[in-house]
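This report refers to the structure that appears directly beneath it.
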Amino acid sequence: MKKFRVHVNGKSYEVEVEEISGSAPAAAPKPAAAPKPAAAAAPAAPKPAAAPAAAAGDEVIAAPMPGKVLSIAVQQGQAVKAGDLILVLEAMKMENEIFCGRDGVVKQIGVSVNATVNTGDTMAVIG
């Protein structure tokens, strides 16, 4: 068995892989040259205006996957508790509820209903 450390979406995982073939591994082929990226396309929808960065100690609620914001359950300035629903994100034809991880006050909502988000985009900041 061989141990590997894999990083996925900012989290580190240790995995063990078992080799099942009885023969020695062949020399690894050289990877093909990566194709050059295409010219950047114009964005489909404008993003909300950039907000100030979150202060130390704030919880930044980032999009866990690309999707479309279906509804927002909180307003800026509203007090929230750990486990409260923040918004609903549609991804891969499923509705994903995004919850608050700690008690606090909603300092910023960085998305609007029907907005599309990419993985890691800031959706809300809880202070």
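The values are calculated or read from the model by the stated rules, or taken from the named source; none is laboratory data. Since this is a predicted model, take the numbers as computed values, not measurements. All Cβ positions, glycine included, derive from the backbone under ideal geometry; neighbour counts span all protein chains shown.
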- line: Subset of the stretch 85-107, residues β-branched (Val, Ile, Thr) and under 15 Å from Val117 (Cβ atoms), comes to Ile86, Val88, Ile98
field: Selection from the stretch 77-86 of residues that are over 15 Å from Ala62 (Cβ atoms) and not in a loop (DSSP other than H, G, I, E, B)
entry: Ala79, Val80, Leu85
query: Do the conditions hold for Val125, that is, is it assigned to a loop (DSSP other than H, G, I, E, B) and buried (at least 16 other Cβ atoms within 10 Å of the Cβ)?
result: no
- prompt: Does Gly57 satisfy the condition of being farther than 15 Å from Met123 by Cα and either surrounded by 15 or more Cβ atoms within 10 Å (Cβ to Cβ) or at pLDDT 95 or above (or both)?
  reply: no
Among residues of the stretch 96-127, those that are of a type in the set (Asp, Glu) and touching a strand residue (DSSP E or B) at 6+ places or on another chain (Cβ under 6 Å), counted: 1
task: Look at the stretch 71-91 and say how many of its residues are in contact with a Gly (Cβ under 8 Å, 6 or more places away or on another chain) and either more than 15 Å from Ala124 (Cβ to Cβ) or without any contact (Cβ under 8 Å) to a residue 24 or more places away in the chain (or both).
output: 3
message: Go through the stretch 87-119 and report how many residues are crowded, with 18+ Cβ neighbours inside 10 Å, under 15 Å from the mean Cα position of the chain (by Cα), β-branched (Val, Ile, Thr) and in a strand (DSSP E or B).
response: 2
- request: Find all pairs meeting these conditions: Cβ atoms under 9 angstrom apart; at least six residues apart or on different chains; first residue within the stretch 112-125 and at negative phi; second residue polar (S, T, N, Q) and not in a loop (DSSP other than H, G, I, E, B).
  value: Val113/Ser71; Thr122/Gln108; Ala124/Gln108; Val125/Gln108
statement: Note on the stretch 60-77: residues closer than 15 Å to Gln108 by Cα and surrounded by 14 or more Cβ atoms within 10 Å (Cβ to Cβ) are Val60, Ile61, Ala62, Ala63, Ile72, Ala73, Val74
field: Verdict on Ala73 being of a type outside the set (Val, Ile, Thr), more than 18 Å from the chain's Cα centre (by Cα), at pLDDT 90 or above and under 25 Å from Lys11 (Cα atoms)
entry: no
